[in-house]
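Remarks on the structure that follows.
The values are calculated or read from the model by the stated rules, or taken from the named source; none is laboratory data. All values derive from a computational prediction rather than experimental measurement. Glycine also receives a Cβ, built like all others from the backbone with ideal geometry; neighbour counts cover every protein chain displayed.
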Amino acid sequence: MLELHDISKHYGFTRALDSVSLSVGPGELVGLFGENGAGKTTLMKSILGLIPHSGEVTLDGEPVTRKNIERFSFATSQHSFFPVLTAEDHRDFYASHFRGFRDKRYKALMEFFGLPRIKALSRLSAGQQNQFEVIMALSQGADYILMDEPFAGNDIFNREDFYKVLLGILEPNETIILSTHLIEEVENFVTRAVLIKKGKLVGDRQTSDLEDSGTTLMGYVKETYSYEPDRVSRALDRLTGEEGEK
Amino acid sequence: MKKPDLSKLVPLGAQPRKQLAAIFGAIIIAFIWSLRVPFTIVREYHRCTKDLKIGINAVMAGYSYLSADGLYGFYIVAGLMALLAVWNYASHFIGSRADYLMRRLPARLELHRRCLTLPFVGIALSLILSVVLDLAYRAIYTSLLNKLSLI
């Protein structure tokens, strides 16, 4: 069980995370949703200890240290691979550092995406680089797989197929925490929706509960975010009104 | 004989032989620069013997004056090694955030080992050589000073 107790983070005078507490159990597929700058990336980096923060992150009751860090993997849109190295170089490096490295899964996913194995990653397209980032996160052998906007720049066919493959390969103990803006696309993938707004946790629901209550994931997000449906028409009215006045 | 695997001593993707060549090249340049110290000492000795032979009272200048900046090259190399270490760390931020991967490794010292080993070797070699050469040049100076006192 991953537990976050009272996590806060400030960037200067800006509060990026405000006393976030959350528990994520094994096998959950958690969607982490929120607008740009809501604190999703900061939360993931705090879990991994990549940034200093207040509060406590524990995994099965133990603080996250080098002893248990390999139980986490991380796919980020910023990419955490070495651009001058090839996929195979990374495979060798991961295999030598992560005891649970899943070589079979790595090979299968590389084949699925049709990625070249002996080409410097800097020479791949942005979409292929994202795919590789995700492949390594899934192949590391981690129990908790954190993905931060992993599919920015990928076409919809790749994304949809990928979710299907992901659901097929994940083992019961593997947990996904996925931060994305593509809410509708992951509706059938995630089992739980966690919403974050201005650094605060503002929503946390099982998708099965949403289904039971007849609410869509997008509807839930909009409702929690107090989305104003007439926002666009009002803005257009204002804009076209201004044009007319001129 | 099997060649040692130096690739584990530099950041992933960096070329260890290039870094080693740069370190040894810089040390060799610093050594060549330092050779001006014994040359200056010997020249000073010859000037003094020449003066003494024609009856002019002559005293050899002090070692610190003669050695002047002769060993500075090694200190500059040590400074450059510190920059190499900074570069090694910075290379993890170029084109990606590979530092995220390195900081997630179970091996706590992996990142630091790859970034600091060769710069540290460079600094150690530079400082050791500067001390050894300083002692050697001082020995040359002292022996010539003693020789001069016998004239």
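Brief remarks follow.
- All told, A:Gln129 meets the bar of being within 12 Å of another protein chain (Cβ to nearest Cβ) and modelled with pLDDT under 95.
- Any hit, the range B:71-90, residues being under 29 Å from A:Gly141 (Cα atoms) and exposed (fewer than 15 other Cβ atoms within 10 Å of the Cβ): yes
- Some residue of the range A:109-118 being more than 14 Å from chain B (Cβ to nearest Cβ), over 18 Å from B:Ala98 (Cα atoms), buried (at least 21 other Cβ atoms within 10 Å of the Cβ) and not acidic (Asp, Glu): yes
- Residue within the range B:7-17 that is farther than 30 Å from B:Tyr89 by Cα and surrounded by fewer than 18 Cβ atoms within 10 Å (Cβ to Cβ) present: no
- Taking the range A:138-246 and the helices (runs of 4 or more DSSP H) fully enclosed by it, the elements with 1 or more residues that are surrounded by 14 or more Cβ atoms within 10 Å (Cβ to Cβ) and of a type in the set (Lys, Arg) are at A:156-169, A:217-224.
- Scanning the range A:32-49 for residues that are more than 16 Å from A:Asp6 (Cβ to Cβ), within 14 Å of chain B (Cβ to nearest Cβ) and in contact (Cβ under 8 Å) with a residue 24 or more places away in the chain yields a count of 3.
- Residue match in the range B:114-136 (condition: within 29 Å of the chain's Cα centre (by Cα), within 14 Å of another protein chain (Cβ to nearest Cβ) and surrounded by 13 or more Cβ atoms within 10 Å (Cβ to Cβ)): yes
- Elements of type helices (runs of 4 or more DSSP H) contained in the range B:18-110, each with 2 or more residues being among the polar types (S, T, N, Q) and more than 14 Å from chain A (Cβ to nearest Cβ): B:36-53, B:63-67
- Flag for A:Phe93 being more than 14 Å from chain B (Cβ to nearest Cβ), free of Cβ contacts under 8 Å to residues at least 60 places away in the same chain and hydrophobic (A, V, I, L, M, F, W, C): no
- Qualifying positions in the range A:73-90 - hydrophobic (A, V, I, L, M, F, W, C) and either within 7 Å of chain B (Cβ to nearest Cβ) or free of Cβ contacts under 8 Å to residues at least 24 places away in the same chain (or both): A:Phe74, A:Phe81, A:Phe82, A:Val84, A:Leu85
- Residue count, the range A:209-246 (criterion: at pLDDT 75 or above and among the aromatic types (Phe, Trp, Tyr)): 2
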